[in-house]
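What follows is one structure encoded as structure tokens, with my remarks underneath.
The values are calculated or read from the model by the stated rules, or taken from the named source; none is laboratory data. Note that the structure is a prediction, hence the values are computed from the model and not measured. Backbone-built Cβ (ideal geometry, glycine too); neighbour counts: all protein chains shown.
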Amino acid sequence: MMGPTEQLAAFVAKTSYDDIPEEVIKRGKQVMIDTLSCAVGGYTDAPEECEWIIELVKELEGRPEATVWFDGFRTSAMHAALANATMVHTVDFDDTHIDSVSHLGAALLGTVIAMAEKTGASGKEIISAFILGFEVGARAVTSVMRDKSHYKYWHPTATGGTIAAAAAAAKLAGLDQNGLEQAIGLGIDQAVGFRYCIDKGDFSKSLHPGWGAMRGVMAAMVMKIGATGPKGLLEYPTGFCNAMSAGPTLEDLTDGLGFEYAIMQDAVKMYPTIHCSHTGIESVLDIIAENKLTNEDIEGINLRVTALAKGQGQNYSPTNILSARLSIPYVIAAGIRYGQVGLADFPEEDLHNPEHHAVMQKIHITENPEFNKEFPKGLVTEATVVTKDGKKYEKLIVYPKGHPLRPATDEDLYAKYMGLATLTWSKEKAEKVFATMMALEKPGSYEDLIAALTE
């Protein structure tokens with residue numbers, strides 16, 4: 001009888017593009033283009049962070065087999081995957097898989113594009129590798145996240161991203177089931193990344209999917225050469241699940257495998273902020289708009305929220321823009337002051353602006369564990385805005401827009417893509433790349449995509 005790691009490897013090995021349901025293919029392409037848009041926008045909105053990683057891979061050099069996006073520099077597949085996946089996550093606007101609380105798209109897109117350049121894979125193979133890698137990474141991290149103990153110390157984007165990248169890279173490397181299981185095992189063996197970055201907002205958060213992509217490519221490549229790796233490492237007594245969780249749920253690794261695709265439970269962000277802030281942003285902005293309130297009208301704001309990891313999103317003293325995006329009081333204060341929350345609403349001067357901090361101090365957050373029971377997949381915020389004349393306005397939002405239980409429309413997704421892509425590209429180029437990605441399964445589309453990313 002096959003163990004869970006072997007079952008996942010067998011599923012990845014035997015599944016091709018034509019085996020994947022049409023709605024899953026569509027969702028996969030949507031997540032891919034959304035992920036790409038975060039890199040395009042990040043290249044302009046977070047130029048310093050992008051320059052750090054591009055300069056690093058130039059110094060590392062490497063065989064010219066894959067492309068660093070936008071810059072056009074060619075290097076090894078490992079180093080291209082590192083750079084490109086890191087750039088995606090610089091603005092924290094990329095996808096969130098609900099059950100695993102991980103951003104898997106960044107590591108995966110960096111991986112599959114680099115490996116496709118190295119191996120000459122087709123568009124169909126790229127799409128299927130992305131979806132199948134997502135399946136493995138999401139299931140692995142979901143199995144250690146049910147009791148949230150994994151999130152006490154670890155950043156699931158790092159741990160899950162590494163495992164997902166290894167599976168996707170191994171698929172594109174053409175490994176058989178046995179090789180795939182061992183490549184996944186090598187990815188599991190390297191699945192690290194601490195939650196410090198969530199609290200502090202340092203560059204390690206952006207690097208986590210980059211490291212994951214690089215390690216995933218490395219795992220597949222060393223197996224392709226003929227190395228050996230661990231087997232059954234997810235379920236091994238001292239392996240991933242038991243080491244990474246106080247109460248792992250091994251059934252999450254394989255239940256519904258082949259029928260329930262994890263990427264269908266992926267959320268697309270509508271704000272460039274920590275995902276648990278989104279219902280708070282919506283509820284407060286809705287109350288303000290519906291009742292024509294201003295900052296001067298507001299005495300205080302009470303937020304009752306889904307209980308998450310201790311202190312998550314409750315940083316009242318962010319020290320940089322990324323840590324500000326990871327702070328619920330900071331992003332809601334930005335919404336109150338600017339009437340919206342977008343990339344442009346995080347000016348550097350607000351980090352030390354007394355006016356901004358005064359608005360933050362009006363916001364009080366209380367975690368409500370009952371929300372977790374009533375809405376197990378929700379990111380609930382029940383907001384109460386109290387005005388200086390004693391009036392109270394309340395609003396409850398369970399699922400943020402873009403959540404699989406409250407999905408964004410095709411028009412919403414396109415608007416987000418264009419808003420990000422046109423920070424760097426012309427409208428015409430952005431439209432062309434969108435059309436190319438959404439038709440990636442057609443012959444020649446992959447070559448067109450790579451050409452567009454390097455122009």
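Here is a check on your reading of the model: is Ala116 at pLDDT 95 or above and surrounded by fewer than 24 Cβ atoms within 10 Å (Cβ to Cβ)?
yes
Every residue in region 422-448 that is farther than 25 Å from Ala344 by Cα and of a type in the set (Asp, Glu), please.
Answer for region 422-448, where residues must be farther than 25 Å from Ala344 by Cα and of a type in the set (Asp, Glu): Glu441, Glu447, Asp448.
All but one of (1) in contact with a Lys or Arg (Cβ under 8 Å, 6 or more places away or on another chain); (2) more than 27 Å from Arg195 (Cα to Cα); (3) hydrophobic (A, V, I, L, M, F, W, C); (4) surrounded by fewer than 24 Cβ atoms within 10 Å (Cβ to Cβ) hold for Ala77; which doesn't?
Here Ala77 meets the rest and fails (4).
What number of residues in region 182-193 are among the β-branched types (Val, Ile, Thr) and surrounded by fewer than 24 Cβ atoms within 10 Å (Cβ to Cβ)? Before the answer, list the steps.
So the first thing to find is which residues in region 182-193 are among the β-branched types (Val, Ile, Thr), and the list is 184, 188, 192.
Add one more test, that the residue is surrounded by fewer than 24 Cβ atoms within 10 Å (Cβ to Cβ), and what stays is 192.
Going through region 182-193 one residue at a time, the tally reaches 1.
Let me confirm something: among Ala262, Ala267, Ala334, which residue is in contact with a His (Cβ under 9 Å, 6 or more places away or on another chain), surrounded by 13 or more Cβ atoms within 10 Å (Cβ to Cβ) and without any contact (Cβ under 8 Å) to a residue 40 or more places away in the chain?
Ala334
Between Glu49, Glu61, which is over 25 Å from Val268 (Cβ atoms) and assigned by TED's automatic domain parsing to the domain that holds Phe203?
Sole residue among the options that is over 25 Å from Val268 (Cβ atoms) and assigned by TED's automatic domain parsing to the domain that holds Phe203: Glu61.
Quick one: is Glu411 in a helix (DSSP H, G or I), surrounded by fewer than 15 Cβ atoms within 10 Å (Cβ to Cβ) and more than 23 Å from the chain's Cα centre (by Cα)?
no
Any chance region 152-170 includes a residue that's in contact with a Ser or Thr (Cβ under 9 Å, 6 or more places away or on another chain) and among the charged types (D, E, K, R)?
No; the residues of region 152-170 include none that is in contact with a Ser or Thr (Cβ under 9 Å, 6 or more places away or on another chain) and among the charged types (D, E, K, R).
For region 386-400, enumerate the residues that are within 13 Å of Arg304 (Cβ to Cβ) and either basic (Lys, Arg) or over 31 Å from the mean Cα position of the chain (by Cα) (or both).
Residue satisfying the conditions is Lys395 alone.
Pull out all pairs, ordered by first then second residue, where Cβ-Cβ is under 9 Å, the residues are six or more apart or on different chains, the first lies in region 220-235 and is assigned by TED's automatic domain parsing to the domain that holds Ser76, and the second is β-branched (Val, Ile, Thr) and surrounded by fewer than 20 Cβ atoms within 10 Å (Cβ to Cβ).
The qualifying pairs are Gly229/Val222.
Table: residues versus (1) under 19 Å from Ile450 (Cβ atoms); (2) touching an Asp or Glu at 6+ places or on another chain (Cβ under 6 Å).
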position: Gly62; (1), (2): yes, no
position: Val68; (1), (2): yes, no
position: Phe93; (1), (2): no, no
position: His97; (1), (2): no, yes
position: Gly105; (1), (2): yes, yes
position: Ala116; (1), (2): yes, no
position: Gly123; (1), (2): yes, yes
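Look through Leu322, Leu343 and report the one residue that is touching a helix residue (DSSP H, G or I) at 6+ places or on another chain (Cβ under 6 Å), buried (at least 18 other Cβ atoms within 10 Å of the Cβ), closer than 28 Å to Ile33 by Cβ and not assigned by TED's automatic domain parsing to the domain that holds Val40. Break it down into steps so the answer makes sense when it comes.
Working: Leu322 fails: touching a helix residue (DSSP H, G or I) at 6+ places or on another chain (Cβ under 6 Å).
Answer to the check: Leu343.
Taking interchain pairs and intrachain pairs at least six residues apart, which have beta carbon atoms under 6 angstrom, with the first residue in region 189-213 and in a helix (DSSP H, G or I) and the second of a type in the set (Asp, Glu)?
Pairs found: Ser206/Glu49.
Please go through region 143-176 and give me each residue that is part of a helix (DSSP H, G or I), touching a helix residue (DSSP H, G or I) at 6+ places or on another chain (Cβ under 7 Å) and surrounded by fewer than 24 Cβ atoms within 10 Å (Cβ to Cβ), ordered by number.
Matches in region 143-176: Tyr151 only.
Output the residues belonging to region 173-185 that are out of contact with any Lys or Arg (no Cβ under 8 Å at 6 or more places or on another chain) and aliphatic (A, V, I, L, M).
Ala183, Ile184
Just to be sure before I move on: is Gly179 assigned to a helix (DSSP H, G or I), surrounded by fewer than 22 Cβ atoms within 10 Å (Cβ to Cβ) and at pLDDT 95 or above in the structure I sent?
In short, yes.
Conditions tested, residue by residue: (1) among the hydroxyl-bearing types (Ser, Thr, Tyr); (2) out of contact with any strand residue (DSSP E or B) (no Cβ under 9 Å at 6 or more places or on another chain); (3) buried (at least 24 other Cβ atoms within 10 Å of the Cβ).
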residue: Asp95; (1), (2), (3): no, no, yes
residue: Ile98; (1), (2), (3): no, no, no
residue: Leu108; (1), (2), (3): no, yes, yes
residue: Glu125; (1), (2), (3): no, yes, no
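Tell me which residues, restricted to region 216-244, are part of a loop (DSSP other than H, G, I, E, B) and either of a type in the set (Gly, Ala, Ser) or under 30 Å from Tyr414 (Cβ atoms) (or both).
Gly226, Ala227, Gly229, Gly232, Gly239
Tell me which of these Lys442 doesn't satisfy, since it passes every other one: (1) modelled with pLDDT of 95 or more; (2) more than 19 Å from Val40 (Cα to Cα).
The failed condition is (1).
If we keep just the residues of region 372-401 that are in a strand (DSSP E or B) and charged (D, E, K, R), which is surrounded by the most Cβ atoms within 10 Å (Cβ to Cβ)?
From region 372-401, those in a strand (DSSP E or B) are 381-387, 392-397; that's our starting set.
Filter once more, so that each one left must be charged (D, E, K, R): 382, 392, 394-395.
Working: Glu382: 20, Lys392: 12, Glu394: 12, Lys395: 17.
Out of the qualifying residues, it is Glu382.
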